[in-house]
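Worksheet: one structure, shown below.
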Number of protein chains: 2
Amino acid sequence: MQQTNSRPAVGYPLYALSFRYGQRHAVELAAAERVARWLGVVQHRTVDIDLRAFGGSALTSDAIAVPKGRDVEAMGGDGIVPATYVPARNTIFLAYAVAWAEVLGARDVFIGANALDYSGYPDCRPEFLQAFELAANLGTRAGTEGTPLRIRAPLVELSKAEIVRRGTALGLDYAITLSCYDPDAEGGACGACDSCQLRAKGFREAGLPDPTRYRPGRRPGAEVPA
Amino acid sequence: MQQTNSRPAVGYPLYALSFRYGQRHAVELAAAERVARWLGVVQHRTVDIDLRAFGGSALTSDAIAVPKGRDVEAMGGDGIVPATYVPARNTIFLAYAVAWAEVLGARDVFIGANALDYSGYPDCRPEFLQAFELAANLGTRAGTEGTPLRIRAPLVELSKAEIVRRGTALGLDYAITLSCYDPDAEGGACGACDSCQLRAKGFREAGLPDPTRYRPGRRPGAEVPA
């Protein structure tokens, strides 16, 4: 597929899939739309799935608070799954992605899961992604006929600093992206949730300026443990 | 959990999950509600997921016809996935079921998949279900902490005749159930789709009277090859 804009040449016609799943940070979908536009995707689809009906996560239930100001340096090694884990979320996301890939005739399904800086989410680990790929190939027409489907997670083993460097090298302006679990209505980041802290740490360790737009009065340094 | 009605004692408090997925036979959801009531489930949830957005199946696309009058005796052995296959449908269903199970603290997820009489659906095969179980255990908090999740498919290796006998022995009135892919608005079965034919064959081989309600003027014998 020919592209006329300046997105990096990745070698694939891209079909982007986002989910309005009842997340409190649904403003991230506007960021997804900006990134999809920058990438010059063929199509960007946002699917409505109501995971609030099930609950069980700080991201989909108002009854569970988003943890703030945790020590991100100490996280991940304790084997504790955080309150922001959404039950089977990536399993559901990947199932939809595989369904669409099958209809499109696509064979490569990319997911931005990352396991290295933060191993608390079971569904961001390579072993889950590999097992899901096997299931997807056994459970679909696409997988049982012709070329197998591949679940690709190019960021899975990178540190946040490496991700920041990689994106910057590819020309991405991180100001159009959003990581925060608890942003304001305009997408201003809280600076204190795990996701904000890990992102800020990534820019810090990469030695690159952080273009993240924070909520009025917020900045990441204040809550990040030294 | 104590039950006061006459449902079979299965040993589990039951939570039933159905999907309004854009299927042309959405009237099956009324049948699911009848069966759930008969079973005395704690809760029956119907989740809306729009698989019509993806298409690619006779069950979710008006542009693809439901095959009628095929030779069901010859099906399954040819390795051809039928037009009624819905891309990654059971993968999506199971992903939701695992999410809900995780929130409920349930460890057993039951699915009525059946592979024996009709092996054309890749996502009804034991090898898929086993692979999905592995992925679900690697990708969820429930699976990585404590007792593993189990994907149970008690019907998967039974013939339709065995299923009919088993249900009858358990006191199920099959008149409240629906198998047809192309029923009328009242749930009258077409008698000619693969699902109707396989169901009729099951009753025939079981030697039991078939209580299925057919659409006016339809009956299964007419279209079933001798």
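Brief remarks follow.
- Matching entry among B:TYR85, B:TYR121 (being more than 8 Å from every other protein chain (Cβ to nearest Cβ), closer than 17 Å to A:GLY143 by Cα and crowded, with 21+ Cβ neighbours inside 10 Å): B:TYR121
- Test: residue in the range A:46-63 that is among the polar types (S, T, N, Q) and touching a Gly at 6+ places or on another chain (Cβ under 6 Å): yes
- Unique residue being of a type in the set (Gly, Ala, Ser), farther than 21 Å from B:ARG219 by Cβ and either free of Cβ contacts under 8 Å to residues at least 40 places away in the same chain or surrounded by 21 or more Cβ atoms within 10 Å (Cβ to Cβ) (or both) when the list is B:ALA169, B:ALA175: B:ALA169
- The listed residue being crowded, with 20+ Cβ neighbours inside 10 Å, in contact with a strand residue (DSSP E or B) (Cβ under 9 Å, 6 or more places away or on another chain) and within 30 Å of B:VAL81 (Cβ to Cβ), out of A:ALA153, A:ALA189, A:ALA142: A:ALA153
- Search result, residues across the range A:193-223 that are crowded, with 16+ Cβ neighbours inside 10 Å, of a type in the set (Asp, Glu) and in contact with a Ser or Thr (Cβ under 8 Å, 6 or more places away or on another chain): A:ASP194
- Among the residues of the range A:37-66, those identified as more than 14 Å from every other protein chain (Cβ to nearest Cβ) and either touching a Phe, Trp or Tyr at 6+ places or on another chain (Cβ under 9 Å) or closer than 27 Å to B:GLY22 by Cα (or both) are A:VAL41, A:VAL42, A:VAL66.
- Every residue from the range B:143-171 that is within 17 Å of B:ALA200 (Cβ to Cβ) and either assigned to a loop (DSSP other than H, G, I, E, B) or not basic (Lys, Arg) (or both): B:LEU158, B:SER159, B:ALA161, B:GLU162, B:ILE163, B:VAL164, B:GLY167, B:THR168
- Residue match in the range B:94-101 (condition: within 8 Å of another protein chain (Cβ to nearest Cβ) and over 18 Å from the mean Cα position of the chain (by Cα)): yes
- Sub-8 Å Cβ pairs linking a first residue in the range B:145-157 that is away from every other protein chain (no Cβ under 14 Å) to a second residue that is in a loop (DSSP other than H, G, I, E, B) and surrounded by 14 or more Cβ atoms within 10 Å (Cβ to Cβ), at least 6 apart or interchain, are B:THR147/B:ARG107; B:ARG150/B:ARG107; B:ARG152/B:ILE111; B:LEU155/B:ALA113; B:LEU155/B:ASN114; B:GLU157/B:ALA115; B:GLU157/B:LEU116, ordered by first then second residue.
No lab work stands behind these numbers, since they all come straight from the coordinates. Only a predicted model underlies this, so the values are computations on that prediction, with no experimental measurement involved. No Cβ is skipped: glycine too gets one built from the backbone with ideal geometry, and neighbour counts run over all protein chains shown.
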